[in-house]
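Input: a single structure, listed below in structure tokens.
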Amino acid sequence: MRSICLFLAFAFVTGCHLASCQEKTSSSRSFDEPWVTDSASTMLIPYRYDANLFSSDKMKTWGNYYANYIVYDFTSDSYKTLFPSDTYIQAPDFYSYSSRRGESRQKSLSKPWIFFLVKNKDYSGNGKIDERDPFILYVSDTHGENLKPLTLESENVVSFTLYEKLGFVLLNIQRDKNNDREFQPNDNDHYMVKVNLSDLRLGNKIEYRKP
């Protein structure tokens, strides 16, 4: 009887240990290269999901997504997370702006704003966020404050291009043409629209019209 009790106690402790390990594994994160958003005070430190090789979540395993950003104020040595909970943020591209120095800059960073492509809505209603759900364009200031969405949850932002000298961002947006609540390549109903950098107001929709 005593041996049985010892065995059960050992199994309980071992089980708790394994559960703890699994919880730590599922919640672990890996950092990517930080980038300065305001040279006087602020940088963003992106981190990713550390999904294991056998994870069924393809978004975590294969997608080029960040889980969230840490907004680090290096003057006060304090930080916070940008989004209230981890989500799927498309890792932004860089462009070289000084070939002599080899420096680079985010294509999503303007002087007053930072733009983010985010998947955080289960638009299709299949119980998960995947490649058929829309990208929503979010914006914050360069201190990681005033985060808000700029586009609708029912439309997919395919891409955006920053024209800072011209004072706007140009968005390419895809509609759910057949109303099946999924965004796929055959949803070929697109329009473009600009976002003014001065006040973040959206302009008129630019659409194809038959002659």
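Only the coordinates and a few stated rules stand behind these numbers; no lab work does. Just so we're clear, the structure is a prediction, and the values are computed from it rather than from any experiment. Every residue, glycine as well, gets a Cβ built from its backbone with ideal geometry; the counts of neighbours run over all protein chains shown.
Could I have the simple spin-label model distance between D199 and F74, label points 7 Å from Cα toward Cβ, reported in nm to one decimal?
Output for this residue pair reads 3.6 nm.
Among D176, D133, what is the fewest-to-most ranking by other Cβ atoms within 10 Å?
The most exposed by this proxy come first: D176, D133.
Give me I114, I45 sorted ascending by neighbouring Cβ count inside 10 Å, so fewest comes first. Don't skip to the end; give the middle numbers.
On the way: I114 24, I45 18.
Least crowded to most crowded, the residues run I45, I114.
Between the DSSP loop rule and a limit of at most 15 other Cβ atoms within 10 Å, which GluC sites (Glu not before Pro) in the stretch 127-204 are left?
Sparse-neighbourhood loop GluC sites (Glu not before Pro): E131, E145, E153, E164.
List the trypsin sites (Lys or Arg not before Pro) within the stretch 144-211 that DSSP assigns to loop and that have no more than 12 neighbouring Cβ atoms inside 10 Å.
Working: sites: K165, R175, K177, R181, K194, R201, K205, R209; in loops: K165, R175, K177, R181, R201, K205, R209.
The qualifying sites are K165, R201, K205, R209.
Would you mind checking K121/K148; K80/K148; K107/K128; K80/K121 for any pair whose Cα atoms are more than 20 angstrom apart?
Working: K121/K148 14 Å; K80/K148 16 Å; K107/K128 29 Å; K80/K121 23 Å.
With Cα atoms farther than 20 Å apart: K107/K128; K80/K121.
At what distance in nm do the modelled label points of R29 and Q90 sit from each other, each positioned 7 Å from its Cα along Cα→Cβ?
Inter-label distance under the simple model: 2.2 nm.
Based on the Cβ-Cβ distance from K128 to H190, what FRET efficiency comes out when R0 is 25 Å, to the nearest 0.05?
After rounding to 0.05, the efficiency reads 0.45.
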